[in-house]
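Take a look at the structure below.
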Amino acid sequence: MEIINSFVRAFQLIFEFDKGVYEIILLSLYVSLSSTVISTIMGVPLGIFLGLKDFRGKKVLIRIIYSLMSTPPVIVGLAVFLVIARKGPLGFLGLTYTPPAMVIAQVVLVTPIVVGLVFNNVVEKGSNIRNMAFTLGANKLQTLVLLLNELRSNILVAVTTGYGRAISEVGAVMIVGGNIRGHTRVMTTSIAMLRSMGDYETAIALGLVLLLISFIINSIIYNYQRARGV
Amino acid sequence: MEIINSFVRAFQLIFEFDKGVYEIILLSLYVSLSSTVISTIMGVPLGIFLGLKDFRGKKVLIRIIYSLMSTPPVIVGLAVFLVIARKGPLGFLGLTYTPPAMVIAQVVLVTPIVVGLVFNNVVEKGSNIRNMAFTLGANKLQTLVLLLNELRSNILVAVTTGYGRAISEVGAVMIVGGNIRGHTRVMTTSIAMLRSMGDYETAIALGLVLLLISFIINSIIYNYQRARGV
Amino acid sequence: GTGSSEESSIILATTTSTENSGLLDFLLPIFQEDTGIEVKVIAVGTGQAIKLGEDGEADVLLAHAKASEEAFVAAGHGVERFDVMYNDFVLIGPDSDPLNVKGLAGNDIVKALEIIKNSGEGAFISRGDESGTHKKELELWAELGLEPEGEWYKSVGAGMGETILMAEELQGYTLTDRATYLSMVGNLDSVIITEGDTKMFNQYGIIAVNPDKNDKINNEGAIKFIEWMLSEKGQELIKEFGVEEFGDSLFIPNAK
Amino acid sequence: MNLSILNLTRIYNDKKVLDLPKANIKSGSIYSIIGPNGAGKSTLIRILAGIDNASSGKVLYNDSVFDDDVRKRITLLFQKPYMMNLNVYENIAYPLKIRGFSKWDIGSRVDELLGILDLHDIKSQRASTLSGGEAQKVALARGLVFRPELVLLDEPTASIDPVSTLLMEKLVTQTNKNYGTTFVWVTHNISQARRTADKVIFMHQGKVVESGGAEMVLKNPTNEITRRFVGGDLIL
Amino acid sequence: MNLSILNLTRIYNDKKVLDLPKANIKSGSIYSIIGPNGAGKSTLIRILAGIDNASSGKVLYNDSVFDDDVRKRITLLFQKPYMMNLNVYENIAYPLKIRGFSKWDIGSRVDELLGILDLHDIKSQRASTLSGGEAQKVALARGLVFRPELVLLDEPTASIDPVSTLLMEKLVTQTNKNYGTTFVWVTHNISQARRTADKVIFMHQGKVVESGGAEMVLKNPTNEITRRFVGGDLIL
Ligand SMILES: Nc1ncnc2c1ncn2[C@@H]1O[C@H](COP(=O)(O)OP(=O)(O)OP(=O)(O)O)[C@@H](O)[C@H]1O
Ligand SMILES: Nc1ncnc2c1ncn2[C@@H]1O[C@H](COP(=O)(O)OP(=O)(O)OP(=O)(O)O)[C@@H](O)[C@H]1O
Ligand SMILES: [Mg+2]
Ligand SMILES: [Mg+2]
């Protein structure tokens, strides 16, 4: 029953055009998509590099990255907080309780996931592609572009997984963002707050809105991907 | 500095043999490993099945699974709570605020991750393996065993990613477990609680212990895997 | 009724202040020794604590939002509400007190809030989560006859501890119960700016959840717990708590 | 095993890559399927093996439709064989293992094949590190070890050196003689067809353009396209 | 492009799969490398192409060590070619595209090769769906389209039908004649070596056991093993 009410409430929330809710949804998307994009830009090349190059200490590095995939968001939030806090080394930037801080924290959280998953796919299929590019005369950049193209369905899964982590986590954004109404309140922090206020219905409704958005984003990405013939 | 202190504190925590901390660590491991094992048992065959079979509505199902990878733990916790609550449909089982409830919530959270990642690998490499098994006369079960064996490094990454989610999430276990000291308090809920009390040092120390454990578990798994020659 | 396996334990839904301050850690082992009943503590926001009571997910509530608690009993969710103890709210802020609130307002909390509001550069951090503390804060603004809104007023929707930490980081002011503040004081630079106003009285009540809600509720245990808390021994222990560490009681027992 | 093929087609996008109104495979014979690249040879034998679906039509195996029982008596050697992440010995032993053979039986059968195909030196090597030709030899051994009634071969000697090619051909003809195994063998090597086949099927653009006794098709092709293929200067 | 090979070895685990004290490849010639499966042929040409590392020794390319400049003038056709997830035309055009050729130049060069290899019908087909032989043809076109000075071929006609095999051989000999391209061609097809090669290198167990003019090695092999390979009854 509570669940059914929540569905009804979810649609109300969407069609109600409640400005507050829309702001929250938009900020959520802004923060998670920004951090996913940044993590992708940093993590995909790193994953490819690790997948193709051999060097001393690589094995340990890989295990560290896999371990970082299990870092609790609260810890990431805390670590980032201590760095950007008023008394921290980057305190002069005044980043605490701002959306950029939330993006930074999520980047720290999501990048290991992207690196770890991309790495694994590159180990398997990357060397064939790299060797082909190598023998056809491609330079480093061209090889990278080719790898991105050929592995795009794998990269997409890695990025989707990372995005899933970003949009759904609450621990990190809560600490560095502070859930300030009208400033840094996002869907997950709202959900946590509503929950702690005992308003399960609206909490679940917001959760459903979030899932709906994820579904739409996934559908867009996979349609685009299929249109390119994968 | 705070970070350095935390490292010191982390080692103290480990060697201090504080019974309370050990209980918390053990319960964390018990809950996350149980839920990962259950998610693996359910999710791996499902991912393999989805990767090999074609049926109507499969595409939508896949997108739903990818979307479920982005479900906020708080929502999963809440949904599970409403089902197992005293007045919920499974209330008679008396599961609220018990470790089994935490396992259930994490299974709901982790299974889509395992299914989604396994699915993707099976789509790519599964049909070659399946075809070979098919032509050599393997039955369904033997084919499944073979797929598990041949794809074990991919499955391992999927399971590691799922485990990473389980051990690090706080939203779901907090709601269904309640962070009851001596009963359902785990590392992440302790960390969240310590953090909200401003005790950053112990919070980070516990976080480091958690990462160390993840690192050890990863190393064991990957050594085992390498011993089998992958 | 109660299942035999549940007889030895009850679920207490309470606000974070009672758990984080260490009061329950102090009391509950003694209670268990006396009665054999184990108390499982779910420390959540006041809103959720009351919701857990309404849904029959907890056996007994210990909260500090008198109006909501009375409404809870009036609606039949609880049996009866008893006063247990009180502490008080304090306004905390940066050590430097840049707005000189302390100097200008003395112990007048309403005046203090007015100064913060009018300064144009101060920051007030509100819990914004409909907790007991938040409701108290709204009462005080209502007395000033104004709606707190604007850049200076940050509604953070968080627990007490987190709100204090944010005030500390933002060099702002916030209203907190004394127990939570004292339990965190070692990790803080913020100091008490305003205290002692009679308006800042913070009453805790205890209520047994209506056992008719479902057959899992351990009403017997809940009643034993309430009786114990209200007993001379319970009240004495509450008074004792904190004296050693902070030099003064954190909670003042006042059962009738 | 007798096969009868009826109205079999396979369509990709809008391209009909296979179109066989009627064809038969007679038990106990060795068939060579030859024809240009893209003629539909692999497509045909993949459908016969049950790992690809026809767009229409049907195939009967000893008058029965494809089922699990039929499947276990057939095997297919792929153009690009998949090697399990095990060593060579274990790869070859696999079909026997899943059929519950004893360790001793497995050992003797596998050793026999290792000997015939000259694979003893690499029997403990991880199969994924094999050279191209080595992998094809292992795949042949793995396919024959459980003595299927029908063996479908997709260019099994494409990367095999001449000496080993003869070994493999001998293994196939011997197996055919000893156990009455039916072989359907896709090859681009006309001399190989000559050496091994009882019957030859020539395919072109999805159709069978000529078929019959090996002597007849290879020596006196009636069809123009076949002639171009098997004509003197093309016996490579 | 002249190659000089000095003390080249490759060791896997404890097995020396390649061991060449000294060898030379002369610019403008076509070399056939023949020898049994596992002889180290693929290993050798992968090292020459720079995609595998020797365990010891070195190779000089026109007296220079392998560097980016050398690399861009060499290509290698793999035993199992990788096809990009693009169509056939785009696969062949790729090496020109990354070299910044104009659309028009790309079009004319690619079309020419599509014509020579009879690939026009499938030029818009996604390369991952090609038949085994079609993929090898496309890989050859892709390797030659940018006119490298040295082309290393690893059994490029293994899955090719006889008619197309002749087309490909002709393309190689023509390219050699027109542009002076050096070819090092691994094959198991002795007649193919006879038809195309200026020089033949015979490998066995990682070593060169015989090499020299094609006529000489193939007609009058001095070595016993070579004789077994190229002897009359083995011209398959
Ligand atoms: N998925 C696909 N989509 C489109 N066309 C396909 C697909 N798969 C195969 N084809 C086409 O079907 C035709 C027949 O392919 P098949 O693999 O059966 O040829 P083949 O006779 O085995 O050729 P080869 O001798 O080169 O192995 C080829 O032209 C191929 O390009
Ligand atoms: N990673 C590896 N580990 C162990 N042995 C290997 C590895 N890679 C190759 N080899 C071995 O090295 C030897 C030479 O392999 P190579 O691929 O060069 O042979 P080849 O002459 O090309 O054979 P083919 O004609 O079958 O293609 C083979 O015996 C092979 O099994
Ligand atoms: Mg084929
Ligand atoms: Mg080779």
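The values are calculated or read from the model by the stated rules, or taken from the named source; none is laboratory data. Remember, it's a predicted structure, so these values are computed and weren't measured experimentally. Note that each Cβ is placed from the backbone with ideal geometry, even for glycine, and that neighbours are counted across all protein chains shown. Note: accessible area is taken over every heavy atom of the protein model, side chains too, but ligands, DNA and RNA are not part of it. Shrake-Rupley method; radii C 1.70, N 1.55, O 1.52, S 1.80 Å.
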* Given labels modelled 7 Å from the Cα in the Cβ direction, how far is it in nm from residue D:69 to residue C:231? -> 8.0
* Asked: Carbon-plus-sulfur fraction of the accessible area of the stretch B:82-145, 1.4 Å probe, in percent?
  -> 70
* Asked: Taking each residue of B:110-121 in turn, how many C-beta atoms of other protein chains fall within 10 Å of its C-beta, and what is the average?
  -> 2
* Structure fact -> Over all pairs of different Cα atoms in the stretch C:172-214, the reciprocal of the mean inverse distance gives a Kirkwood radius in Å of 13.5
* To do: Taking just the C-alpha trace of chain C, give me its Rg and Dmax in Å.
  => 18.9, 61
* Check cross-link reach from residue E:22 to the aspartates and glutamates: straight Cα distance under 20 Å, and skip same-chain residues fewer than eight apart. => E:52, E:63, E:198, E:210
* Structure fact -> Per residue, the convex hull enclosing the Cα atoms of the stretch B:119-216 spans a volume in Å³ of 136
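Determine, from the Cβ-Cβ distance of residue D:23 and residue E:170 and an R0 of 41 Å, the FRET efficiency 1/(1 + (r/R0)^6), rounded to the nearest 0.05.
Plugging the Cβ-Cβ distance into 1/(1 + (r/R0)^6) gives 0.75.
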* Probe 1.4 Å, protein heavy atoms only - accessible area per residue of chain D in square angstrom -> 42
* At residue E:105, with labels set 7 Å past Cα in the Cβ direction, how many nm apart are the copies from this one, shortest first? -> 6.7
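Skip the ligands, DNA and RNA, and give the accessible area per residue of the stretch B:1-227 with a 1.4 Å probe, whole Å². Walk me through the numbers before you get to the answer.
Numbers: 8560 Å² over 227 residues.
That works out to 38 Å² per residue.
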* Förster radius 41 Å - calculated FRET efficiency between residue B:92 and residue A:141 (Cβ-Cβ, nearest 0.05) -> 0.05
* To do: With just the Cα atoms of the stretch E:67-109, tell me how far they stretch along each of the three principal axes, in Å, largest first.
  => 29, 25, 15
* Asked: When Cβ neighbours within 10 Å are restricted to other protein chains, what is their mean count per residue of peptide D:213-224?
  -> 0
* Structure fact -> Other residues with Cβ under 14 Å from the Cβ of residue E:117 give, with Lys and Arg +1 and Asp and Glu -1, a net charge of -2
* Hey, which aspartates and glutamates would be in cross-link range of residue C:199, C-alpha to C-alpha under 14 Å, not counting anything within fewer than 8 residues on its own chain? -> C:88, C:108, C:137, C:139, C:143, C:177
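So what is the calculated 222 nm ellipticity per residue for chain B, using -39500 (n - 2.57) for each DSSP H run with n of 4 or more, over all residues, to the nearest 500 deg cm²/dmol? Walk me through the numbers before you get to the answer.
Working: 10 runs with 181 residues, N = 230.
My calculation for chain B gives -26500 deg cm²/dmol from helical runs alone.
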* From largest to smallest, what semi-axes in whole angstrom does the protein assembly as shown give when each is the square root of 5 times an eigenvalue of its alpha carbon gyration tensor? -> 73, 32, 26
* Which one of B:60, B:193, B:79 is farthest out on the positive end of the charge dipole of the stretch B:1-227, using unit charges on Cβ (Lys, Arg +1; Asp, Glu -1) and the Cα centre as origin? -> B:60
* Structure fact -> Whole-Å distance linking the alpha carbon centroid of the stretch B:53-105 with that of the stretch A:8-63 is 23
* To do: Between copies, how far apart are the residue B:94 label points? List them in nm, one decimal, shortest first, with each point 7 Å from Cα toward Cβ, please?
  => 5.8
* Asked: If you take the beta carbon distance between residue E:104 and residue E:195 as r and set R0 to 30 Å, what does 1/(1 + (r/R0)^6) give as a FRET efficiency, to the nearest 0.05?
  -> 0.30
* When chain E is modelled as a GNM with alpha-carbon springs shorter than 10 Å, which of E:224, E:169, E:210 fluctuates the most? -> E:224
* Convex hull over the alpha-carbon atoms of the stretch C:124-174: what's its volume per residue in Å³? -> 64
* Asked: What is the ratio of the Cα radius of gyration of the stretch A:1-104 to 2.2 N^0.38 Å, where N is its residue count, to two decimals?
  -> 1.52
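Determine one quarter of the surface area of the Cα convex hull of chain B, which equals its mean projected area, and express it in nm² to one decimal.
Numbers: hull surface 61.6 nm².
Answer in nm², one decimal: 15.4.
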* To do: Quick one: among D:86, D:150, D:171, which has the greatest mean-square fluctuation in a GNM of chain D with alpha-carbon springs under 10 angstrom?
  => D:86
* **Electrostatic dipole magnitude of chain D [Cβ: Lys, Arg +1; Asp, Glu -1; Cα centre; debye, to 20]** => 260
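In square angstrom and rounded to 100, what buried accessible area do you get between chains C and B, total over both, with the probe at 1.4 Å?
That pair of chains buries around 2000 Å² in total.
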* Proximal lysine pairs, the stretch B:1-227, alpha carbons under 19 Å, eight or more residues apart or interchain -> 5
* Just grab the label-to-label distance for residue D:11 and residue A:148, each label 7 Å out from Cα along the Cβ direction, in nm (one decimal). => 4.0
* To do: Using the 7 Å Cα-to-Cβ label point, sort the distances from residue B:223 to its equivalents in the other copies shortest first and give them in nm to one decimal.
  => 5.0
* With charges only on Cβ, +1 for K and R and -1 for D and E, what is the dipole size of the protein assembly as shown about its Cα centre, in debye, rounded to 20? -> 7540
* Top mean-square fluctuation among E:218, E:76, E:60, Gaussian network model of chain E, C-alpha springs under 10 Å? -> E:60
* Asked: Could you give the length gained on full extension between residue C:97 and residue C:32, defined as 0.36 nm per residue of separation minus the Cα-Cα distance, in nm?
  -> 18.9 nm
* Asked: Given +1 on the Cβ of Lys and Arg, -1 on the Cβ of Asp and Glu, and no further charges, what dipole in debye does chain B carry about its Cα centre, rounded to the nearest 20?
  -> 900
* To do: Run the quick spin-label model on residue E:224 and residue A:22: label points 7 Å from Cα toward the beta carbon, then report their separation in nm to one decimal.
  => 9.0
* To do: Distance from a point 7 Å along Cα→Cβ of residue B:5 to each backbone N in the stretch A:85-119: keep the residues under 16 Å and list them by number.
  => A:85-89
* **Descending Cα extents along the principal axes, chain D, whole Å** => 51, 41, 35
* To do: Return the carbon/sulfur percentage of the accessible area of the stretch D:176-236, one whole number, probe 1.4 Å, all protein chains in place.
  => 49
* Most to least packed among A:63-71, C:44-52, B:122-130 [average Cβ atoms within 10 Å] -> C:44-52, A:63-71, B:122-130
* So how exposed is residue E:222, as accessible area in Å² (1.4 Å probe, rounded to 10)? -> 110
* To do: Could you please put D:52, D:161 in sequence from largest to smallest accessible area, using a 1.4 Å probe?
  => D:52, D:161
* Would you tell me the mean number of C-beta atoms belonging to other protein chains that fall within 10 Å of each C-beta in C:42-55, as a whole number? => 5
* Asked: What residue in chain E has the Cβ closest to the axis turning E into D, and how close is it in whole Å?
  -> E:158, 2
